[in-house]
Structures are given as C-alpha cells and as structure tokens.
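S.K.: Dropping a structure here in structure tokens format, bear with me for questions.
What follows draws every value from the coordinates through simple rules; no lab data is involved. On a predicted model such as this, the values are computed, not experimentally measured, just so you know. Cβ placement follows ideal geometry from the backbone for every residue including glycine, while neighbour counts extend to all protein chains displayed.
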Amino acid sequence: MNNIKILQEQYKTLLKQGKEKDILPIIEKCIKLSVNENNIVKLIELLNDYGGALRNTGNYKKSISTLLLAKELIEKENLKNTEAYANTLANLGNAYRLKEDYKKSIEYFSLANIIFEQIHSYGYSYAANLNNLSLLFITLKFWDKAYDLLKKAETILLGLPEYKIQLATTYNNLYEVALNLEKFDESKYCLFKAEEILSLNINANNPLYASVLNNLGDYYFRKKDYQNSLKLYKLSKNFITNTYGIDSEAYKIVLKNIKKIESFIEDSSKRISGLDRSENFFNNYVSDYVLKHHKDLWNISCFGLVGEGSECYGYDDYISEDHNFETKCYWFLPKSAYNVIKNKKIEINSNLLFIKSIESFYKYYTLFEEGPVTISEYRKVPQDLLSLATNGKIFLDNLGYFTKIRNRLLNYYPQDLVYKKIAYCCNKAAQAGQYNYERCLKRNNYFGAQISLSEFLENYCELIHLINKKFMPFYKWQYRSLENLKLLGYESKCKIDDLLSLNDKTDSIKKIKIIEELCVLFANYLRENKISKTADNFLLRHSSEIVENIHDNNLKNENTWIK
C-alpha cells in the first residue's frame with residue numbers, strides 16, 4: 001500500500017506540472033499493485049485516474065473500457081450510492097463526449113447528477129460534473145443550458161476557496177458560452193479572471209493554462225489582433241504537445257486554429273483595400289474612358305472616393321464585403337456640366353463609375369453647396385456628416401474646385417467654435433462619467449449606468465477629436481478613428497479598452513477609477529496648453545475657463561451647455 005501511495009504522489013506531482021503522458025506508466029504500476037493486494041477501493045480510484053489520463057491523451061476507446069471496469073467493480077461491491085460511483089459515471093460521460101457519442105455521454109452525465117443529488121453531495125465533484133456536462137451542451141450549441149450549469153458551478157466553487165483552479169476552469173468555459181449569448185462584458189470578464197487565477201496558482205506548463213491561452217487566442221482574433229492571437233495559439237500548442245500529445249483532441253483543435261489564422265493573415269496581406277481598388281480602377285480604366293468619351297469635360301473633372309462606406313475611411317475588411325461593397329469611383333463635375341451626361345452610373349470592366357455634381361455633393365453632406373463657412377453655418381451641420389464629406393481620397397482634380405472646398409473644411413472649425421465645443425463636451429463628459437455613472441451604480445440602476453457610460457465615452461471621444469482637429473465619424477467608426485489620433489489618441493484608446501473589459505457589477509470601483517484617469521489625462525492637456533488653468537480634474541470646472549479663449553463675445557457669453 002505504501003508503494004502505491006508513493007507512486008500516486010509521483011503522478012499527481014507530474015499532473016500538476018502538466019505532464020499528462022508521463023503519468024500513464026506510473027498509474028499502470030499502481031493498478032498492478034492494487035490488484036495484487038486485492039484492494040478494490042484503491043483499484044476503483046486508480047482506474048478512474050487512468051481512464052481520465054487516457055481520455056486526455058486521446059485514447060478514448062481504452063479510456064471507456066477502463067472506466068466501465070471501474071463502474072462494474074463499484075456495482076459488484078454494492079457502492080452505487082457513493083460519490084465514487086457518481087464520479088465514475090461523470091468520467092464516462094466525459095469520455096463518450098470526446099468520442100462524440102453524445103447520446104451515451106448525456107446518459108452517463110445525467111446518471112451522475114442523479115447520484116450526486118440522492119446522496120446530497122453538492123461540493124466540488126458535483127460542480128465538476130456540471131462543468132463537464134456544460135462542455136457537452138457547448139459542443140451541441142445549447143448555450144442557455146450550458147450557461148445555467150456553469151453559473152451553478154460558479155456559485156458552488158465560489159464557496160470553496162480551496163478549489164480556485166476549478167473555479168478558473170469554470171470561468172474559462174463561461175467565456176465561450178457568454179460570448180455566444182452576446183453577454184460580451186461577462187465573457188471578457190470570465191476569460192481574464194480565469195487567466196488571473198491560473199497565473200497565480202499553477203505552473204505555466206499546465207494544460208489548463210493552455211486552454212485559457214486558446215480562449216485568449218480567440219479573444220484577440222475577434223479583436224483583429226491576428227499576430228497576438230497566433231502567438232498565443234502556438235504557445236498553447238507547445239504545452240499541449242508536451243502534455244496531452246499529438247493524438248489528443250486538444251492538439252487537433254489548436255492546430256486547426258493555427259492553420260486558420262495563418263491562412264487569414266496570408267489572405268489579409270494579399271487583400272487590396274477598397275480605396276486602393278478604387279484608385280487602381282481610376283488609373284487603369286476611368287481616366288481612359290473619360291478621355292475617350294468625354295474629352296471636353298476632362299479639364300473640369302475631379303475623381304476620387306469620398307463619402308459613405310467603410311472603404312472611404314480605409315476601414316474596410318472581409319466583413320465589409322458582405323453587402324454594398326463594390327469597386328467604384330466618383331466623378332465630380334460642376335453643376336453646370338453635370339447634366340451633360342445622362343447616365344449617372346456607368347459600368348466599366350465590371351466596376352462602377354458614379355457621376356456627381358460637386359455642389360450637390362457638398363449640399364447633401366454639409367447643407368451648403370460650398371460647405372459651411374461661418375460659425376453659425378458650421379453649427380447647423382452634424383460632425384459625422386462633415387467627416388463623410390472630407391474622408392477618402394481625391395485621385396485627380398483638374399478644375400481644383402472640389403479640392404478647394406475640401407481643403408477648407410479639412411482646416412477644421414473656426415477656433416472659437418472649437419473652444420465652444422470643448423467646453424460643452426467637458427460639461428457632458430463630467431456630468432455623465434464623473435458624476436452620474438457612479439450614482440446610477442449606487443442605486444443599482446444599471447440601465448442608467450450604461451447610458452451614462454455611453455454618453456461619457458461619446459463626449460470624451462469627441463474631445464480627443466476636437467484637439468486633433470478631426471471631424472468625428474458616426475458611432476460605428478469613432479473608436480477606430482480615435483486610436484489613430486496623434487494627441488492623446490493611443491493613451492485614451494488603451495484606457496478605454498481597460499474600462500470596457502470590466503463588469504459594472506463586480507468591477508465598478510475599477511471602472512470609476514479609469515473614468516477619472518481619462519478625465520485627468522484631458523485636464524492635464526488643457527492646463528499644459530493653457531486652454532484652462534484650474535487644478536480641479538472635474539472637467540465641468542474647466543468649461544467656464546475654456547470659453548474665455550473665445551473672441552466672439554456672443555459665442556463666449558452663451559451658456560456652456562449649448563453646443
């Protein structure tokens with residue numbers, strides 16, 4: 001018996017180190033010893049350990065036969081109403097799950113649950129069974145059922161502080177489930193919580209850590225950080241190779257993910273952006289077409305790609321191509337010449353040339369045929385429309401009329417209006433983020449908290465655009481635009497990433513702290529550039545000082561809550 005105990009300590013040490021393959025011969029020795037000693041209870045325990053190790057290294061057939069032997073021994077010994085029997089049934093359920101015999105899997109998981117409930121065993125083993133059954137439901141895409149089981153397991157394990165690693169496993173499983181239920185905040189929280197717990201409690205080579213690395217790889221892939229995603233998957237592959245081996249299901253899955261990302265990166269490097277396609281279309285086909293068919297209009301023509309669509313911002317990707325995405329070029333003419341061409345959409349080499357009036361284009365997006373000029377005119381035009389009117393690229397402007405208006409708009413708002421807008425956005429950001437967000441949370445008003453946070457982010461994002469003299473696009477592209485801004489863009493983006501990774505309920509103190517850090521960042525900018533001088537970091541306190549920079553007395557004396 002002492003020999004078995006020593007050998008068990010050896011393989012459990014190896015298991016903690018993630019050396020799953022190395023424990024098999026040691027357990028086999030233990031099994032022989034327990035048979036020789038006729039120690040049935042110990043044999044049942046060892047057969048379960050052996051079946052689990054075989055399962056994890058991909059030998060499902062032998063795993064199942066081993067566990068069925070353990071089940072038979074328990075039944076012969078009349079130990080059916082025990083936790084050992086429930087655990088054996090759960091292990092069989094897990095082995096059949098990986099063998100893709102889902103009918104048998106759910107049968108054994110359900111039997112295990114019945115035993116746990118009959119003997120009133122609601123501790124770690126019960127939580128482990130809930131976790132494993134949830135994995136079956138994940139495979140079958142029964143997300144709601146999986147979520148309910150995992151939340152139940154989480155509740156149990158939170159009350160068992162000695163089982164931190166098992167809690168991390170639960171959080172790791174919740175990542176995918178919450179993601180598919182569109183519980184995005186919870187999904188991210190669970191993933192990084194799992195990583196945090198495991199990094200503090202296990203060896204980095206442990207296969208459990210590899211599982212978290214896989215999910216982190218998925219997380220960064222969804223964020224389009226493909227290189228970081230690939231790096232994490234490859235690191236996970238190394239761990240899995242050394243622990244479960246190349247025949248394991250875990251190895252096959254991670255290898256599939258690596259190939260997918262490598263293929264995606266290769267395809268992405270080959271992909272030509274919509275803006276580049278448009279310019280190539282102009283250079284290779286449009287210019288020749290116009291010179292051949294409308295040579296008299298050439299000297300008053302302007303060509304480019306400006307306006308609506310992700311390609312006009314240079315933000316297009318494969319997702320953009322699922323609707324309203326074609327290679328096109330715009331041909332801008334003065335309204336006096338616009339009606340010369342009857343067909344306003346011309347197909348050339350399977351691509352499209354759209355003819356537009358310069359004056360109509362600017363009136364559509366800016367309300368004025370030559371764009372706004374005065375402060376009162378600018379105040380009438382939504383900034384996202386000004387962004388659309390000035391994005392993209394002009395390939396050629398022979399007349400110079402379109403570009404003259406464009407360049408004036410790109411010079412941005414009159415400076416007095418910039419100060420006015422900064423003061424207004426400081427008020428709104430402070431009210432929503434520094435004041436009302438926390439108060440809503442204290443009242444458990446999560447609806448109000450979300451609106452406050454959204455209001456804060458929009459106004460804060462506009463502040464960063466204002467100091468960079470860049471028109472802020474509509475909400476879909478605000479974050480993408482923000483991260484490319486030179487003044488405070490990257491710093492703000494990083495803090496906003498941290499802010500949005502946290503949960504309102506469990507991380508409210510951290511979120512409030514990050515909101516304050518963002519406001520301090522902007523308040524420091526105002527002081528350093530002598531736009532305001534108050535030492536207070538509450539942005540609302542700055543607005544009255546900011547408007548003192550305005551030269552137009554009427555604008556200066558307006559209420560700072562008017563934009």
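S.K.: Step by step: find N for region 317-356, compute 2.2 N^0.38 Å, then divide the Cα radius of gyration by it. What's the final number? If you can, show how the numbers build up before the last one.
M.R.: Working: Rg = 12.8 Å, N = 40, 2.2 N^0.38 = 8.9 Å.
Taking N as the residue count of region 317-356, the ratio is 1.43.
S.K.: Next question, about the same structure. Show me, for region 46-63, the HN-Hα J-couplings you get by feeding each phi into the Karplus relation (A = 6.51, B = -1.76, C = 1.60, θ = phi - 60°), rounded to Hz, glycine and proline as x.
M.R.: Here the 3J(HN,Hα) series is 5, 4, 5, 4, 5, x, x, 5, 4, 4, 5, 9, x, 8, 5, 4, 5, 4 Hz.
S.K.: Pairing the Cα long axis of helix 249-270 with the longest principal axis of the chain, what angle in degrees results, from 0 to 90 and rounded to the nearest 10?
M.R.: 20
S.K.: Sort 462-475, 163-176 by packing, meaning the average of other beta carbons within 10 Å per residue, with the highest value first. Intermediate results must be reported in sequence, preceding the final value.
M.R.: Numbers: 462-475: 20.4, 163-176: 22.9.
For the peptides 462-475, 163-176, the packing ranking is 163-176, 462-475.
S.K.: Once the Cβ-Cβ distance between Glu483 and Lys234 is put in as r, and R0 is 30 Å, what FRET efficiency do you end up with, to the nearest 0.05?
M.R.: Numbers: r = 26 Å, r/R0 = 0.87.
That gives a FRET efficiency of 0.70.
S.K.: Over 5 Å intervals from 0, what percent of Cα-Cα pairs in region 345-435 sits in each interval?
M.R.: Using 5 Å bins, I get a P(r) of 3, 11, 18, 20, 15, 12, 8, 5, 4, 3, 1, 0 for region 345-435.
S.K.: Work out, in µm²/s and without decimals, the Stokes-Einstein translational diffusion coefficient of region 138-236 at 20 °C, 1.002 mPa s, Rh from Kirkwood over C-alpha pairs. The partial results should precede the final answer.
M.R.: On the way: Rh = 13.7 Å.
The calculation lands on 156 µm²/s.
S.K.: Let me ask something additional. So what J values fall out for region 516-523 if you push phi through Karplus, 6.51 cos²θ - 1.76 cosθ + 1.60 with θ = phi - 60°, rounded to Hz, Gly and Pro as x?
M.R.: Listing the rounded values in order: 5, 4, 4, 5, 5, 4, 6, 4 Hz.
S.K.: Same structure again: Tilt of helix 446-467 relative to the longest C-alpha principal axis of the chain, in degrees (0 to 90, nearest 10)?
M.R.: Tilt relative to the chain: about 50 degrees.
S.K.: Right, something else. So what are the three principal axis dimensions of region 76-128 from its Cα atoms, in whole Å, longest to shortest?
M.R.: So the three principal-axis extents are 29, 27, 13 Å.
S.K.: Could you tell me the convex hull volume per residue, in Å³, taken over the Cα atoms of region 1-85? All intermediate terms of the calculation are to be shown ahead of the outcome.
M.R.: Values: hull volume 7.4 nm³, N = 85.
Taking only Cα atoms, region 1-85 has a hull volume of 87 Å³ per residue.
S.K.: Provide the three semi-axes, in whole Å and in decreasing order, of the ellipsoid equivalent to region 274-410 as defined by the square roots of 5 times the Cα gyration tensor eigenvalues. Spell out each step's value before the answer.
M.R.: On the way: eigenvalues 114, 80, 27 Å².
Over the Cα atoms of region 274-410, the semi-axes work out to 24, 20, 12 Å.
S.K.: May I pose another question? Determine the gain in length on full extension of the stretch Lys380-Ile512; use 0.36 nm per residue of separation and subtract their C-alpha separation, reporting nm with one decimal. Mind dumping the intermediate values first?
M.R.: Working: separation 132, 0.36 × 132 = 47.52 nm, distance 3.43 nm.
Taking Lys380 through Ile512 to full extension adds about 44.1 nm, to one decimal.
S.K.: Considering only Ile375, Asn78, Ser492, whose Cα is most displaced toward the positive end of the charge dipole of the chain, charges sitting on Cβ of Lys, Arg (+1) and Asp, Glu (-1)?
M.R.: Of the candidates, Ile375 comes out farthest on the positive side.
S.K.: Can you give the net charge of the other residues whose Cβ lies under 15 Å from the Cβ of Glu438, counting K and R as +1 and D and E as -1? List each step's numbers first, then the result.
M.R.: Values: positive: Arg439, Lys442, Arg443, Lys505, Lys510, Lys511, Lys513; negative: Glu455, Asp504, Asp507, Glu516, Glu517.
That sum, taken over residues with Cβ under 15 Å, equals +2.
S.K.: Using packing as a proxy for protection, rank 524-535, 507-518 so that the peptide with the highest average count of other Cβ atoms within 10 Å comes first.
M.R.: Numbers: 524-535: 13.6, 507-518: 17.2.
Final packing ranking: 507-518, 524-535.
S.K.: Sort the following peptides by mean Cβ neighbour count (other Cβ atoms within 10 Å, averaged over residues), highest first: 338-344, 45-51, 240-246. Before the final figure, lay out the partial values.
M.R.: On the way: 338-344: 11.7, 45-51: 23.4, 240-246: 19.6.
Packing order, densest peptide first, comes out as 45-51, 240-246, 338-344.
S.K.: Calculate the length of the line joining the C-alpha centroid of region 356-376 to that of region 59-107, in whole Å.
M.R.: With region 356-376 and region 59-107 each reduced to a Cα centre, they are spaced 74 Å.
S.K.: Under a straight-distance cross-link criterion of Cα-Cα below 22 Å, which lysines are reachable from Lys71, leaving out those fewer than 8 residues away in the same chain?
M.R.: Lys29, Lys32, Lys42, Lys61, Lys62, Lys80, Lys99, Lys103, Lys104
S.K.: Where does the chain land on Rg/Rh, using Cα atoms and the Kirkwood Rh?
M.R.: Numbers: Rg = 31.9 Å, Rh = 28.5 Å.
Looking at the chain, the ratio lands at 1.12.
S.K.: Report the residues of region 308-352 in range of a label on Glu182: point 7 Å along Cα→C-beta, backbone N strictly under 11 Å from it.
M.R.: None, by backbone N distance to the label point.
S.K.: How big is the Kirkwood radius of region 415-556, worked out from every pair of different alpha carbons and given in Å to one decimal?
M.R.: Result for region 415-556 stands at 15.3 Å.
S.K.: What translational D, rounded to a whole number of µm²/s, comes out for region 162-311 from Stokes-Einstein when the hydrodynamic radius is the Kirkwood one over Cα pairs, at 4 °C and 1.567 mPa s? Before the final figure, lay out the partial values.
M.R.: On the way: Rh = 18.8 Å.
Calculated translational D: 69 µm²/s.
S.K.: With labels modelled as points extended 7 Å from the Cα through the Cβ direction, what inter-label distance (nm, one decimal) is found for Lys530 paired with Asp22?
M.R.: That separation, rounded to one decimal, is 6.8 nm.
S.K.: Which loop-located trypsin sites (Lys or Arg not before Pro) does region 209-239 contain, where loop means any DSSP state but H, G, I, E or B and the Cβ has at most 15 other Cβ atoms within 10 Å?
M.R.: Working: sites: Arg222, Lys223, Lys224, Lys231, Lys234, Lys237; in loops: Lys223, Lys224.
Those satisfying the criteria are Lys223, Lys224.
S.K.: Follow-up. Considering only Thr327, Ser357, Ser387, whose Cα is most displaced toward the positive end of the charge dipole of region 274-410, charges sitting on Cβ of Lys, Arg (+1) and Asp, Glu (-1)?
M.R.: Of the listed residues, the answer is Ser357.
S.K.: Between the helical axis of 83-98 and the dominant principal axis of the chain, each derived from Cα atoms, what acute angle in degrees is found, rounded to the nearest 10?
M.R.: 50
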